[in-house]
Amino acid sequence: MRQLFVFILVFIFFPFSFYGQSIFENTITGTNPDESNPYNIGQIVDPDITVSGIGRGSGIFGINSNDRYNARSWKSDVLDPNAYFEFTVIPNAGNKIDFVSFEYTGQISVNGPTLFVFRSNVDGFTTDIGSVSATGASVSLSDINFQNITSSITFRLYGWAALTGTGTFSINDFEFNGIVSCATPQIPALPETIIGCSSTSFELNWSASSNASNYFIDVATDSGFVTNLTDYQNKDLGNTLSETVAGLAAGKTYYVRLRSANNCEISANSNTIKVAPPETVYNGAWSNGTPDANKNIRFSDDFNMDTSFEACSCQIDDGVAVHVDSGVVFKLENSLDVQGSGALTFEDSASLVQVNDGAVNTGKIIYKRITAPMKNFDFTYWSSPVKDQVLKDLSPNTLWDKYFSFANGNWVIESGTNTMNTAGKGFIIRVPKPNTVYGNGEYWTGATYAQPVQFIGVPYNGVITIPTQGIGMDNLIGNPYPSAIDADLFMANPNNASLINGALYFWTHNTAITQSGSFYVYNSDDYAVYTLTGGTGTMAAPSTGGFGSIPDGKIAAGQSFFVGSKAVGSFEFNNSMRVSASGSNSQFFKMAKVKNLANSEKSRVWLSLTNCQGVFKQLLVGYIKGATNEMDNLYDGISFGGNKYVDFYSVNDGEILTIQGRGLPFLLTDKVTLGFKTTIDGAFEIKMDQVDGLLAKRTIYLEDKDAGILHDFKKGSYSFSTSKGEYNNRFVLRYLPNLKTILMHDIVGNAKHQLEIYINESQLSLKSNDENLSAVFVYDLKGKLIFQEKNIHKQQFIISDLIPKQQILIVKTVFDNNASRTDKIIF
């Protein structure tokens, strides 16, 4: 009795575990069901499966009968593989079937088939299942082949051995019993995925998991999936086998995992894959070859970078120290990640250059700078290349009230505890007092001090904007990156070009007035000036090796400068302005001797006004593509007036210009008015410091209108004396002597040589500035040859046989290299 009670309880609570239940049945009622193939009217089906109904093969034909599914044409001798009744059962996605039995009731006519078998497609309909007959049967489906069915399965009931072809066999009702339950979805597998350095998306593809109706994905920036991407934490992908993940940071490493699911269950996580560019790891040696622009690099051991490096992205592990030597350029296409107590130290003049504006840096660097030599009371103009740099931490021994920023036309005292944020903001900091040993060991004595400092913080990268002070205001801004930037690219940026009023002005470190015996020696405090035309300096005799005087267009890391604004807006810095050439960041305030640019579109001359006590003021006149002979915002630089003792400038449209850009083509007849101011009496000289481009082969003159002197700079400097005052019309820069030029224009020819044609004492003079003259032919307007000379073979030739008549003549000049040109003149 006790055993019976236990059995009853088990049956009550687990009835279908042993016997199942009907999952697909049909009592087949109605008129002529055989007219449908398959027939499914009246069938009862489990909601988690799909069925075909009852159908028949092509070897038999339906015959009208009510309340049963009847057929004829059964074979008499052998089993016909096309003569059968058929049932197809399909579990819906995420479900499985454990079959228990198949039951049916059958009926035959007198001449109907007498032999029957029941088979399935599990083995291609070859193995008999149970025992079946014409009148019906209950077939067990407990065999393992019919358990855990997750895909379509088809059963067939074959009949044969009919007495005649007209004999019939029908199924009057049938029932499949079993258990339909959730199928455990297969854990998906993800393939390894490698992306390019600049990729901001990737496509993920995977194979279908059995029993899965949909998939869930996680994408994170860490292997622990703590920091997931927005919209990629447990994202439901639906029933797909691919996903494109977009909006990524180029060069970053991402981690991906997948789960399959159905209506009942979600699988465990797939394998985790790392999606990133190829990586090489340094642990005493490189794991995957030396770094290049297509590889991420990771330092897991200390490393000294003594040569320039390029990589996709960089990670420095916790506790690892990487040192970048002076002058070395570390270039990354994308981001920098300094983890934990890892350290990345850049020596003075080293550079960190990044290409991708969207790259986000994490972790701090140490960026060292050494100032240009400073005197007591001098200031350095700074801009921080890292975030959250504190002023006092940069120069801890500066007096408390000697940290300044600039706003609304005035210097603003900054607390030493303030940070140097925002990016691109300029500051000035005074040199610590000399002859004092400070608590951190800093000490200097003597005439000058090149102060070592270090910035510590997360390095700035990408697009950085800083608001202007307004219309007609001066702005103290600076290079926000730990690398040099190109001043030309900064100025030519369309946004900046619409805001900049004139030039960039760089503070230089010159001494104040000092006494020597009964004389005062002047070393002018001043600003070096730079425009797209070029730069002017504040010291004589610039040299490439030291702290020269002429800005070469590279603004060093940490350096700030003044720039005027003509509109309201924000100045912009971006990575395209950064300079990756080795040596471009090698000197703070980067002043260097300008190289000869004979093959460029810049032809320039630098003049300086000096005296024997050290006064120095330089100007620049340049002929350059993009400039005109009018005032040009980015090519002309107004004198900043920082020099206490003299100012030397060109004059155009009433403006006094330290730099004047003039238009192309260059004309020999061009004249440029020069002026000067002085607060001291005495003797001065004007010197031609440098010349480049086309002007390098020209004779350049200085006309002193007061003295009536035309000075050729090839003969040296021009000396004169003056009293205090302002003189804006005394000097003229010119390129022809006091001769009457009669060259109208070059009308034809293949020669690129520059030719001067002018009248000198009623004689026609021709002068080539490069190639020797070979022959000269002169024609009147009727084409008559009125003069010729061959075999000249020198650069200058004078025609004395022609009489001036103020007529138009054609001069054909042939050079020794067989090039020629034809010019129209008035003579």
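The values are calculated or read from the model by the stated rules, or taken from the named source; none is laboratory data. What you are looking at is a predicted structure, and each value in this text was computed from that prediction instead of being measured. With ideal geometry, Cβ positions are generated from the backbone for all residues, glycine too; neighbour counts draw on all protein chains shown.
Just checking, does the range 267-276 include any residue being within 25 Å of VAL458 (Cα to Cα) and without any contact (Cβ under 8 Å) to a residue 40 or more places away in the chain?
No, the range 267-276 contains no residue that is within 25 Å of VAL458 (Cα to Cα) and without any contact (Cβ under 8 Å) to a residue 40 or more places away in the chain.
Within the group GLU685, GLU703, which residue is in contact with a strand residue (DSSP E or B) (Cβ under 8 Å, 6 or more places away or on another chain) and over 13 Å from THR610 (Cα atoms)? Spell out the reasoning first.
Details: GLU685 fails: over 13 Å from THR610 (Cα atoms).
None of the other options fit; the residue is GLU703.
Among the listed residues SER395, SER349, SER335, identify the single one that is farther than 22 Å from VAL563 by Cα, touching a residue at least 24 places away in the same chain (Cβ under 8 Å) and out of contact with any Gly (no Cβ under 7 Å at 6 or more places or on another chain). Steps first, please.
On the way: SER349 fails: out of contact with any Gly (no Cβ under 7 Å at 6 or more places or on another chain); SER335 fails: out of contact with any Gly (no Cβ under 7 Å at 6 or more places or on another chain).
Just one listed residue meets the conditions, SER395.
Picking from GLY416, GLY426, GLY409, GLY462, which residue would you name as being in contact with a Leu (Cβ under 6 Å, 6 or more places away or on another chain) and either on the phi > 0 side of the Ramachandran plot or buried (at least 20 other Cβ atoms within 10 Å of the Cβ) (or both)? First the steps, then the outcome.
On the way: GLY416 fails: either on the phi > 0 side of the Ramachandran plot or buried (at least 20 other Cβ atoms within 10 Å of the Cβ) (or both); GLY409 fails: in contact with a Leu (Cβ under 6 Å, 6 or more places away or on another chain); GLY462 fails: in contact with a Leu (Cβ under 6 Å, 6 or more places away or on another chain).
Exactly one residue qualifies, and that residue is GLY426.
Just to verify a result, which residue in the range 404-420, among those that are at pLDDT 95 or above and part of a loop (DSSP other than H, G, I, E, B), is nearest to the chain's Cα centre (by Cα)?
Among those residues, the one meeting the criterion is MET420.
ASN440: in a loop (DSSP other than H, G, I, E, B) and either over 22 Å from SER405 (Cα atoms) or not hydroxyl-bearing (Ser, Thr, Tyr) (or both), yes or no? Steps first, please.
Numbers: in a loop (DSSP other than H, G, I, E, B): yes; either over 22 Å from SER405 (Cα atoms) or not hydroxyl-bearing (Ser, Thr, Tyr) (or both): yes.
Criteria met by ASN440.
If you take the residues of the range 221-250 that are β-branched (Val, Ile, Thr) and not in a loop (DSSP other than H, G, I, E, B), which of them is surrounded by the fewest Cβ atoms within 10 Å (Cβ to Cβ)? Write out each step before concluding.
Taking the range 221-250 as the starting set, the residues that turn out to be β-branched (Val, Ile, Thr) are 221, 226-227, 230, 240, 244-245.
Those still in the list that are not in a loop (DSSP other than H, G, I, E, B) too: 244-245.
On the way: THR244: 9, VAL245: 20.
Per the criteria, the residue is THR244.
If the requirement is being touching a residue at least 12 places away in the same chain (Cβ under 8 Å), surrounded by 13 or more Cβ atoms within 10 Å (Cβ to Cβ) and within 19 Å of VAL117 (Cα to Cα), which of these qualifies: PHE216, PHE169? I'd like the intermediate steps shown before the answer.
Numbers: PHE216 fails: within 19 Å of VAL117 (Cα to Cα).
PHE169 is the lone residue from the list that is touching a residue at least 12 places away in the same chain (Cβ under 8 Å), surrounded by 13 or more Cβ atoms within 10 Å (Cβ to Cβ) and within 19 Å of VAL117 (Cα to Cα).
Do the conditions hold for TYR438, that is, is it touching a Ser or Thr at 6+ places or on another chain (Cβ under 9 Å) and of a type in the set (Phe, Trp, Tyr)?
On the way: touching a Ser or Thr at 6+ places or on another chain (Cβ under 9 Å): no; of a type in the set (Phe, Trp, Tyr): yes.
Answer is no for this residue.
Tell me, which strands (runs of 3 or more DSSP E) lie completely within the range 47-140 with 1 or more residues that are more than 60 Å from the chain's Cα centre (by Cα) and touching a residue at least 60 places away in the same chain (Cβ under 8 Å)? Can you show your working first?
Values: elements: 49-56, 69-72, 84-91, 95-108, 115-120, 136-140.
In the range 47-140, 49-56, 69-72, 84-91, 95-108 are the strands (runs of 3 or more DSSP E) which contain 1 or more residues that are more than 60 Å from the chain's Cα centre (by Cα) and touching a residue at least 60 places away in the same chain (Cβ under 8 Å).
Of the residues ASN263, ASN271, which single one is at pLDDT 95 or above, assigned by TED's automatic domain parsing to the domain that holds GLU203 and polar (S, T, N, Q)? Working first, answer last.
Working: ASN263 fails: at pLDDT 95 or above.
None of the other options fit; the residue is ASN271.
List the pairs whose first member sits in the range 761-772 and is exposed (fewer than 15 other Cβ atoms within 10 Å of the Cβ), whose second member is in a loop (DSSP other than H, G, I, E, B) and hydroxyl-bearing (Ser, Thr, Tyr), and whose Cβ atoms are under 7 Å apart, counting only residues at least 6 apart or on separate chains?
GLN763/SER800
Using the structure shown, decide if PHE176 is touching a Phe, Trp or Tyr at 6+ places or on another chain (Cβ under 7 Å), more than 23 Å from THR114 (Cα to Cα), assigned to a strand (DSSP E or B) and modelled with pLDDT of 95 or more. If you could, list the steps in order and put the result at the bottom.
On the way: touching a Phe, Trp or Tyr at 6+ places or on another chain (Cβ under 7 Å): yes; more than 23 Å from THR114 (Cα to Cα): yes; assigned to a strand (DSSP E or B): yes; modelled with pLDDT of 95 or more: yes.
Answer is yes for this residue.
Tally up the residues in the range 760-814 that are assigned to a loop (DSSP other than H, G, I, E, B), among the β-branched types (Val, Ile, Thr) and modelled with pLDDT of 90 or more, please. Before you say what the answer is, go through the steps one by one.
Step one: of the range 760-814, the residues assigned to a loop (DSSP other than H, G, I, E, B) are 761-762, 769-772, 780-784, 790-793, 795, 800-807.
Next, only the ones that are among the β-branched types (Val, Ile, Thr) stay: 792, 803.
Add one more test, that the residue is modelled with pLDDT of 90 or more, and what stays is 792.
Here the count works out to 1.
Results for (1) in a helix (DSSP H, G or I); (2) at pLDDT 95 or above; (3) more than 24 Å from ALA581 (Cα to Cα), shown as yes or no for each residue.
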site	(1), (2), (3)
LEU476	no, yes, yes
ASN496	yes, yes, no
ASN501	no, no, yes
LEU504	no, no, no
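On the given criteria, is GLY55 in contact with an Asp or Glu (Cβ under 8 Å, 6 or more places away or on another chain), surrounded by fewer than 18 Cβ atoms within 10 Å (Cβ to Cβ) and either on the phi > 0 side of the Ramachandran plot or at pLDDT 95 or above (or both)?
Numbers: in contact with an Asp or Glu (Cβ under 8 Å, 6 or more places away or on another chain): yes; surrounded by fewer than 18 Cβ atoms within 10 Å (Cβ to Cβ): no; either on the phi > 0 side of the Ramachandran plot or at pLDDT 95 or above (or both): yes.
No.
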